[in-house]
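Data first, discussion second: the structure below is written as structure tokens.
The values are calculated or read from the model by the stated rules, or taken from the named source; none is laboratory data. On a predicted model such as this, the values are computed, not experimentally measured, just so you know. A quick note on method: Cβ atoms are made from the backbone with ideal geometry, for glycine too, and the neighbour counts reach across all protein chains shown. Just the protein is used for accessible areas: all its heavy atoms, side chains included, with ligands, DNA and RNA removed. Shrake-Rupley method; radii C 1.70, N 1.55, O 1.52, S 1.80 Å.
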Amino acid sequence: MTIHFGVLIPSTNTTTETEYSRLPAGYQAHYARVRTSTPGRPFSPGRDEEVDYQSQLLATAKVQMIVLLQTSASLFADDYDEVTMRRMSAAGGVPSITSALAIARALRALDARRIALVSPYSPEVNERARSYYSGKHGLEIAALDGFAATDSYAIGKLGPENARAAFARIDPKGIDAFVVPGGNFATMGSIAAWEAELGKPVVTSSQALLWAVARQLGGEPLTGCGRLLEALPAS
């Protein structure tokens, strides 16, 4: 059985298609690009009408679920996840989820409450991420570090060594998991090595969305992409 799922990404995203092209035959991603609501403003959410239209187009490919891979979008409004998921599902006629919410649910599935956030975002967006995961999802942010990328294009040029340097600055004692948000930051090929070195689960945007798809649609476990996708724990 092949799972077909639709992926909404910002028009500036340059890594996701490469990341998901390595998936096994049981997972088939179909993509749609969304313009941001505030041109020139880094990390701003997609336009509502774009989300609606692109979700409708993905529905014509008979996808079984639609996911939004733009974690920062959820950080700008308290009800963004709920409102946007309703729009996606109404337009596409299938279940939906945002990457920010998928990360929170994945952490719950891993029984992780005390986390370290390691992100490519600017300091301002990092603080929004802290507020989102602590205030909205009740997680304890034990440490926050990042790469201070100024926009999505800069994130797309970063490599795993940037995350590795941030991990090294954080004391892992007492931390349940590391979280690396950012849909345009390539992580899938590095998660297993990070976990082996850190001795802790690592949850990323692209990985958490795949976990949500697999749990929703009955997908098979994926090896080499971290504990979350190998075990597929229920939230």
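One residue stands out among those in the range 42-60 that are in a loop (DSSP other than H, G, I, E, B), over 12 Å from Ser11 (Cβ atoms) and within 20 Å of the chain's Cα centre (by Cα): the one that is modelled with the highest pLDDT, which is Pro45.
Any residue at all in the range 58-72 that's over 23 Å from Trp211 (Cα atoms) and not β-branched (Val, Ile, Thr)?
No - not one qualifying residue is present in the range 58-72.
If the condition is being modelled with pLDDT of 95 or more and of a type outside the set (Gly, Ala, Ser), then the range 137-174 contributes His137, Leu139, Glu140, Ile141. From the list Thr38, Thr14, Thr18, the lone residue that is at pLDDT below 95, in a helix (DSSP H, G or I) and out of contact with any strand residue (DSSP E or B) (no Cβ under 9 Å at 6 or more places or on another chain) is Thr18.
Out of Leu68, Leu23, Leu8, one residue alone is in contact (Cβ under 8 Å) with a residue 12 or more places away in the chain, on the phi < 0 side of the Ramachandran plot and open to solvent by 10 Å² or more (accessible area, probe 1.4 Å). It is Leu23.
Inspect the range 73-80 for any residue being in a loop (DSSP other than H, G, I, E, B), open to solvent by 30 Å² or more (accessible area, probe 1.4 Å) and aromatic (Phe, Trp, Tyr) and give the result as yes or no. It would help to see each step written out before you state the result.
Initially, the range 73-80 is screened for residues in a loop (DSSP other than H, G, I, E, B), giving 76-79.
Okay, now just the ones that are also open to solvent by 30 Å² or more (accessible area, probe 1.4 Å), so 76-79.
Now narrow it down to the ones that are aromatic (Phe, Trp, Tyr): 76.
Yes, the range 73-80 contains a residue that is in a loop (DSSP other than H, G, I, E, B), open to solvent by 30 Å² or more (accessible area, probe 1.4 Å) and aromatic (Phe, Trp, Tyr).
Being among the charged types (D, E, K, R) and without any contact (Cβ under 8 Å) to a residue 60 or more places away in the chain is the filter; apply it to the range 81-111 and report the residue that is surrounded by the most Cβ atoms within 10 Å (Cβ to Cβ).
Within the range 81-111, the match that is surrounded by the most Cβ atoms within 10 Å (Cβ to Cβ) is Asp81.
Checking each residue in the range 169-193 for being buried (at least 24 other Cβ atoms within 10 Å of the Cβ) and free of Cβ contacts under 8 Å to residues at least 40 places away in the same chain picks out only Ile191. Highlighted here are the strands (runs of 3 or more DSSP E) found entirely within the range 88-158 that include at least 2 residues which are of a type in the set (Gly, Ala, Ser): 114-119, 140-146.
Look through the range 26-60, keep the residues that are basic (Lys, Arg) and touching a Lys or Arg at 6+ places or on another chain (Cβ under 7 Å), and return whichever of them is most open to solvent (accessible area, probe 1.4 Å).
Filtering the range 26-60 for residues that are basic (Lys, Arg) and touching a Lys or Arg at 6+ places or on another chain (Cβ under 7 Å), the one most open to solvent (accessible area, probe 1.4 Å) comes out as Arg35.
When the residues of the range 155-168 are narrowed to those that are of a type in the set (Gly, Ala, Ser) and out of contact with any Gly (no Cβ under 8 Å at 6 or more places or on another chain), which ends up surrounded by the most Cβ atoms within 10 Å (Cβ to Cβ)? Restricting to residues being of a type in the set (Gly, Ala, Ser) and out of contact with any Gly (no Cβ under 8 Å at 6 or more places or on another chain), the top hit is Ala163.
How many of the residues in the range 194-203 are in contact (Cβ under 8 Å) with a residue 12 or more places away in the chain, among the hydrophobic types (A, V, I, L, M, F, W, C) and open to solvent by 10 Å² or more (accessible area, probe 1.4 Å)? So the count comes out to 2.
Looking at the range 211-225, can you tell me whether even one residue there is closer than 14 Å to Leu107 by Cβ and either modelled with pLDDT under 90 or assigned to a loop (DSSP other than H, G, I, E, B) (or both)?
No, the conditions are met nowhere in the range 211-225.
The set of residues in the range 112-142 being open to solvent by 20 Å² or more (accessible area, probe 1.4 Å) and under 18 Å from Val202 (Cα atoms) consists of Arg113, Arg114, Arg130, Ser134, His137, Glu140, Ile141, Ala142.
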